[in-house]
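Take a look at the structure below.
The values are calculated or read from the model by the stated rules, or taken from the named source; none is laboratory data. These numbers were taken from a predicted model, which means no experiment stands behind them. We place every Cβ from the backbone using ideal geometry, glycine too, and count neighbours over all the protein chains shown.
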């Protein structure tokens, strides 16, 4: 199997790099590494999702699905201090980095665990699930994630996705409309779509 960010156990040499960034007017220090997504720093899509996400009015925790080294989940945990953010990823190296990054940014309202999709997530419900999906895993895998997400959302829970037009944003919207009662494009910028799907009626 080719070694990439969707690998459970990356075999590449682990070379790390630490950078300081500003997200949502907050300063963060993130350590990235080889074998994880966007090792050179915050990619445009992730940054766009972070800047545009707004937590739903309903109570409940948040889930960062495919958290990588943690920029989305850690930023949201800093912004929404009254909520716990669960952060999951299949990649063990990403999980190690996410835990390190949570500590070095003094963020404690996180629950970080290794999980292949929802495999290690019990029957929790989340006010919102946020994801920059693992495109390299293929459409079948990410569509399954989107479909499965609905079962982890209560009534009026929301799924937030960032995806590029060239990676299938229009067809993703079409698919989401077969699952969710309300689907909208929050913002489009430089070929990236921020999509919000709302589970209006519960599951």
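Does residue 131 fit the bill of being in contact with a strand residue (DSSP E or B) (Cβ under 9 Å, 6 or more places away or on another chain) and either crowded, with 21+ Cβ neighbours inside 10 Å or more than 16 Å from residue 65 (Cβ to Cβ) (or both)? Quick ask: steps written out before the conclusion?
Values: in contact with a strand residue (DSSP E or B) (Cβ under 9 Å, 6 or more places away or on another chain): yes; either crowded, with 21+ Cβ neighbours inside 10 Å or more than 16 Å from residue 65 (Cβ to Cβ) (or both): yes.
Yes: the conditions hold for residue 131.
Out of 94, 98, 102, one residue alone is at pLDDT below 95, under 28 Å from residue 16 (Cα atoms) and crowded, with 17+ Cβ neighbours inside 10 Å. It is 94. Residue 119 meets the conditions (1) farther than 15 Å from residue 183 by Cβ; (2) in contact (Cβ under 8 Å) with a residue 24 or more places away in the chain in every case but one. The failed one is (2). Inside the range 155-182, can you point out the residues that are more than 18 Å from the chain's Cα centre (by Cα) and in a strand (DSSP E or B)? Correct list: 182 only. Only one of the numbered conditions (1) within 22 Å of residue 51 (Cα to Cα); (2) surrounded by 21 or more Cβ atoms within 10 Å (Cβ to Cβ); (3) at pLDDT below 95 is violated by residue 142, and that is (1).
For every residue, the table says whether it meets (1) closer than 19 Å to residue 58 by Cβ; (2) without any contact (Cβ under 8 Å) to a residue 24 or more places away in the chain.
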residue: 124; (1), (2): yes, no
residue: 128; (1), (2): yes, no
residue: 136; (1), (2): no, no
residue: 143; (1), (2): no, no
residue: 154; (1), (2): yes, no
residue: 160; (1), (2): yes, no
residue: 182; (1), (2): yes, yes
residue: 185; (1), (2): no, yes
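Considered as a group, the residues in the range 7-30 that are at pLDDT 70 or above and in contact with a helix residue (DSSP H, G or I) (Cβ under 6 Å, 6 or more places away or on another chain) include one that is surrounded by the most Cβ atoms within 10 Å (Cβ to Cβ), and that residue is 30.
Count, please, the residues in the range 187-203 that happen to be farther than 27 Å from residue 124 by Cα, free of Cβ contacts under 8 Å to residues at least 40 places away in the same chain and part of a strand (DSSP E or B). Show your work before the answer.
Residues of the range 187-203 farther than 27 Å from residue 124 by Cα: 187-193.
Next, only the ones that are free of Cβ contacts under 8 Å to residues at least 40 places away in the same chain stay: 188, 191, 193.
So of that shortlist, the ones also part of a strand (DSSP E or B) come out as 188, 193.
The number of residues fulfilling the criteria is 2.
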